[in-house]
Ligand SMILES: Nc1ncnc2c1ncn2[C@@H]1O[C@H](COP(=O)(O)OP(=O)(O)OP(=O)(O)O)[C@@H](O)[C@H]1O
Ligand SMILES: [Mg+2]
């Protein structure tokens, strides 16, 4: 037994990255997933986006509809990939992997956040796909390095947020079947009750209120601000970041409390 | 008097109105090989989960390597290794990576990590397969890797929940050979559960038999056999204390979990 004293915060950060590193190592054999994941944003942008842009049905102010929804579709695909992340945790529980990690001295919050970050990094591929499609469709993108860096950070944070949310759900439902059910029930409302594919101004009052409580709305707003060449933020980029960071922190803390449930 | 490394006092766990572990009291000495026996649903896994801090006791408690399982959980976790009933290594990582992540999580000094991992691989006879994905491993190799993984940090106590379930006799012997060597080399205390009486007979210093959550018998195999009078086998002892091998408390979850383990282990 080696007992070295390490400051709790250093240990937390270090362990978080250890978990992230090994989650990412598992990706090496996962290329089919990357391809299938590209399909959904492509359909939304190429079909849904094209049709609605043509009709002029949506009033998106000074930016064309396709430009408007490109960041929305990116946010959506981040949500869709991240929200099913909890299924891996249930899988690892059905084996004995979760139990083994919980019996180790690793801080619970590091186990949760480490997995969240890895989901964040995995999801970056969605950014590449949506940028590629946007380029193809003539969306006016902001190519400044600062803007790109922001988009990168927002994608990672958003995926961390939603994958941690997913993990929290997994801690409650514990079985794959129930998880798939709950996951499916949650994603569509999160998506539709947001500003991803239409401005919140078009919504009835109650829905608009709901959308303001939906973290996805702030993710979309932040992405729209940074991704597009000429777009202004609805809530202000700092406020978007604040909402995303606070929600993620709360979810990680809740997840750390609930994670040990999986071992029982 | 040998050092007591595991001290269990009135350890109790209820699930609703059902008592899975009922006021269990026993101690285990450092370096001992201790077997916990009992039919399906006796409460063995529940006991191990409490001792490894995965499940809080309803009442009572235990000290593992001097740390309380209820108030000093992190201390306990540093002092133990745990091989769960189900498969606990990651099939999408190599054997080496499965060890590396635990070396890092247990804060092994950076300089020592590679040497420890190499030693553990060598010890468990896995060096040649270190770079292969664990998904390609046989059941026996998986078990040996799990033992390597949970002993990298040289725990004082190693908890093993049915370490040989689903293995063929040759793989089973290999696992035991490594466990016995480990005790000899590092003085690791082994606390394990099993359904194989001959395993208990040939490897345990002492055994405990649980039945419906209660401790029914405790001692060396010879003592327990002698307690029934001359000419009795360990099997007789087991039947005497635990009914037949597969009677009460047998439930779907336990059986399906075991089947699943057996299947995955091939
Ligand atoms: N989370 C739980 N909720 C409710 N009951 C449980 C739970 N975990 C275990 N039990 C019950 O407690 C009893 C003891 O279970 P345990 O898994 O400890 O038995 P075991 O001795 O390990 O059996 P086996 O040999 O089949 O592995 C069983 O009747 C089981 O159904
Ligand atoms: Mg069991």
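The values are calculated or read from the model by the stated rules, or taken from the named source; none is laboratory data. These figures come from a predicted structure and were not determined experimentally. Reconstructed Cβ throughout: ideal geometry from the backbone, glycine too, with neighbour counts over all protein chains shown.
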Counted residues in the stretch A:12-32 being more than 13 Å from residue A:112 (Cβ to Cβ) and part of a helix (DSSP H, G or I) come to 14
Name every residue in the stretch A:234-257 that is at pLDDT 95 or above and out of contact with any helix residue (DSSP H, G or I) (no Cβ under 6 Å at 6 or more places or on another chain), in order of residue number.
A:238, A:239, A:241, A:242, A:245, A:246, A:249, A:250, A:253, A:257
Check residue A:89 against each of (1) touching a residue at least 40 places away in the same chain (Cβ under 8 Å); (2) surrounded by fewer than 24 Cβ atoms within 10 Å (Cβ to Cβ); (3) within 14 Å of chain B (Cβ to nearest Cβ) and name the one condition it does not meet.
(2)
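With touching a residue at least 40 places away in the same chain (Cβ under 8 Å) and buried (at least 20 other Cβ atoms within 10 Å of the Cβ) as the only criterion, which of A:220, A:254 stands out? Full working, then the answer.
Values: A:254 fails: buried (at least 20 other Cβ atoms within 10 Å of the Cβ).
Among A:220, A:254, only A:220 is touching a residue at least 40 places away in the same chain (Cβ under 8 Å) and buried (at least 20 other Cβ atoms within 10 Å of the Cβ).
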For residue B:40, the lone unmet condition from (1) buried (at least 24 other Cβ atoms within 10 Å of the Cβ); (2) within 12 Å of ligand 2 (Cβ to nearest atom) is (1)
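For the stretch A:112-145: of the residues being more than 18 Å from the chain's Cα centre (by Cα) and assigned to a helix (DSSP H, G or I), which is nearest to the other protein chains (Cβ to nearest Cβ)?
Looking at the filtered set, the residue picked out is A:132.
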Within the stretch B:78-92, is there a residue that is on the phi > 0 side of the Ramachandran plot, surrounded by fewer than 24 Cβ atoms within 10 Å (Cβ to Cβ) and more than 19 Å from the chain's Cα centre (by Cα)?
no
Output the residues belonging to the stretch B:148-175 that are under 13 Å from residue B:191 (Cα atoms) and either in a loop (DSSP other than H, G, I, E, B) or away from chain A (no Cβ under 12 Å) (or both).
B:155, B:156, B:162, B:163
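If you scan the stretch A:92-107, which residues turn out to be closer than 16 Å to residue A:18 by Cα, more than 7 Å from every other protein chain (Cβ to nearest Cβ), assigned to a helix (DSSP H, G or I) and in contact (Cβ under 8 Å) with a residue 12 or more places away in the chain?
Taking the stretch A:92-107 and keeping what is closer than 16 Å to residue A:18 by Cα, we get A:97-98, A:100-102, A:104-107.
Narrowing further to those that are more than 7 Å from every other protein chain (Cβ to nearest Cβ): A:98, A:101, A:107.
From the residues that got through so far, the ones that are assigned to a helix (DSSP H, G or I) too are A:98, A:101.
Hit for the stretch A:92-107 is A:98, nothing else.
If you take the residues of the stretch B:157-178 that are within 26 Å of residue B:78 (Cα to Cα) and within 16 Å of ligand 2 (Cβ to nearest atom), which of them is farthest from the chain's Cα centre (by Cα)? Before the answer, list the steps.
Initially, the stretch B:157-178 is screened for residues within 26 Å of residue B:78 (Cα to Cα), giving B:157-164, B:175-178.
Adding the requirement that they be within 16 Å of ligand 2 (Cβ to nearest atom) leaves B:159-164.
Working: B:159: 3, B:160: 1, B:161: 4, B:162: 6, B:163: 6, B:164: 10 Å.
Within the stretch B:157-178, the match that is farthest from the chain's Cα centre (by Cα) is B:164.
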Residues located in the stretch B:191-229, provided they are within 13 Å of ligand 1 (Cβ to nearest atom) and part of a loop (DSSP other than H, G, I, E, B)
B:194, B:195, B:196, B:212, B:213
Just to confirm my filter: which strands (runs of 3 or more DSSP E) fall fully inside the stretch B:1-92 and include at least 3 residues that are more than 12 Å from every other protein chain (Cβ to nearest Cβ) and in contact with a helix residue (DSSP H, G or I) (Cβ under 7 Å, 6 or more places away or on another chain)?
B:33-37
Any idea how many residues of the stretch B:106-125 are within 21 Å of the chain's Cα centre (by Cα) and either more than 9 Å from every other protein chain (Cβ to nearest Cβ) or part of a helix (DSSP H, G or I) (or both)?
5
Only unsatisfied item for residue B:181, checking (1) within 18 Å of residue B:80 (Cβ to Cβ); (2) more than 13 Å from ligand 1 (Cβ to nearest atom); (3) away from chain A (no Cβ under 14 Å), is (1)
Tally time: how many residues in the stretch B:187-198 are away from ligand 2 (no atom under 16 Å from the Cβ) and either modelled with pLDDT of 90 or more or in contact with a strand residue (DSSP E or B) (Cβ under 6 Å, 6 or more places away or on another chain) (or both)?
4
Looking at (1) touching a helix residue (DSSP H, G or I) at 6+ places or on another chain (Cβ under 6 Å); (2) away from ligand 1 (no atom under 16 Å from the Cβ); (3) farther than 20 Å from residue B:167 by Cα, which one does residue B:132 not meet, given that it meets all the others?
(1)
